[in-house]
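What follows is a single structure, written as structure tokens, with notes after it.
Coordinate-derived values only; no laboratory data. These figures come from a predicted structure and were not determined experimentally. Glycine also receives a Cβ, built like all others from the backbone with ideal geometry; neighbour counts cover every protein chain displayed.
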Amino acid sequence: MAALVLGAAYGAITSLVNDVSSLYGMIGHHVADTPLAWAAQITSRLIGVGWAWAGLAMVAGWLARSGARAALVGALTLFAATAAYYGLDTVLREVPLAQYWPELRLWWIASVVLGPVLGVVGAAIRRPGVAGLLAGLTLPVGAVLGTTLDWLSNSIVTPFVTWPRMIVWVAATVGAGFVITRFLTAKRREQDTAVSSGASPDESMSGYDNASGAAS
């Protein structure tokens with residue numbers, strides 16, 4: 001249930017933000033050239049892109065914790081997000097749902113295929129060791145890769161294009177730094193624990209030998 005609510009909320013918000021950011025939107029043409037429209041244009045480039053939707057499924061999987069449940073939740077979250085996105089689009093753009101059916105069907109298939117994988121990856125972030133490290137780096141690396149490819153293929157330079165890109169790069173760097181720091185800290189603790197555990201048997205044996213010698 002929570003996955004459906006999370007997905008539906010994300011999809012509806014994305015559709016609404018896209019409408020506000022557009023000069024041709026039902027709401028957008030009323031707020032054109034205002035700070036609200038500018039903020040919407042930047043936000044739409046942060047939440048309406050592929051890596052962000054993948055991140056949504058990962059977050060859902062992270063919240064689900066277990067692998068099997070995370071797989072189901074990842075698919076349901078994307079499924080609900082897609083339905084809400086196109087459902088609200090039909091209202092804001094005043095077009096019949098049948099017009100969106102080919103796209104809707106395509107993204108529903110993608111939700112069923114990719115959602116479980118992304119959900120499991122999200123749940124794996126909680127795992128210690130290399131598995132948790134790689135899972136935690138998936139979203140930052142994907143975000144940087146996605147925005148970089150967009151940058152290379154898009155020659156338009158405006159604040160509405162540049163700012164989202166910079167926000168993503170900074171956030172991805174901070175996120176990756178946090179994940180790597182967590183991994184190194186956990187590894188250092190494991191090493192310290194191993195050293196402590198390795199010293200204890202020697203100390204115990206030394207004490208036993210001393211006690212035996214005194215007794216003899």
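Stokes-Einstein diffusion for the chain, with the hydrodynamic radius set to the Kirkwood value over Cα pairs and evaluated at 4 °C in a medium of 1.567 mPa s, equals 65 µm²/s. Projecting the Cα atoms of Gly177, Trp108, Trp62 onto the dipole axis of the chain, where Lys and Arg carry +1 and Asp and Glu carry -1 at the beta carbon, places Trp108 farthest toward the positive end.
Near Asn18, within a Cβ-to-Cβ distance under 11 Å, what is the net charge of the other residues, with Lys and Arg +1 and Asp and Glu -1? Walk me through the numbers on the way to the answer.
Working: positive: Arg45, Arg93; negative: Asp19, Asp89.
Taking every other residue near Asn18 into account, the sum is 0.
Helix 67-92 and the long axis of the chain differ in direction by around 20°, with both axes built from C-alpha atoms. Tilt of helix 129-153 relative to the longest C-alpha principal axis of the chain, in degrees (0 to 90, nearest 10)? It is inclined by approximately 30 degrees. For the chain, the mean residue ellipticity at 222 nm estimated from helices alone is -29500 deg cm²/dmol, where every DSSP H run of n ≥ 4 contributes -39500 (n - 2.57) and the total is divided by all residues, rounded to the nearest 500.
Between Leu36 and Arg188, the modelled label-to-label distance comes to 4.9 nm, taking each label 7 Å out from Cα in the direction of the beta carbon. In the chain, the longest principal axis of the Cα atoms and the axis of helix 101-124 are about 20 degrees apart.
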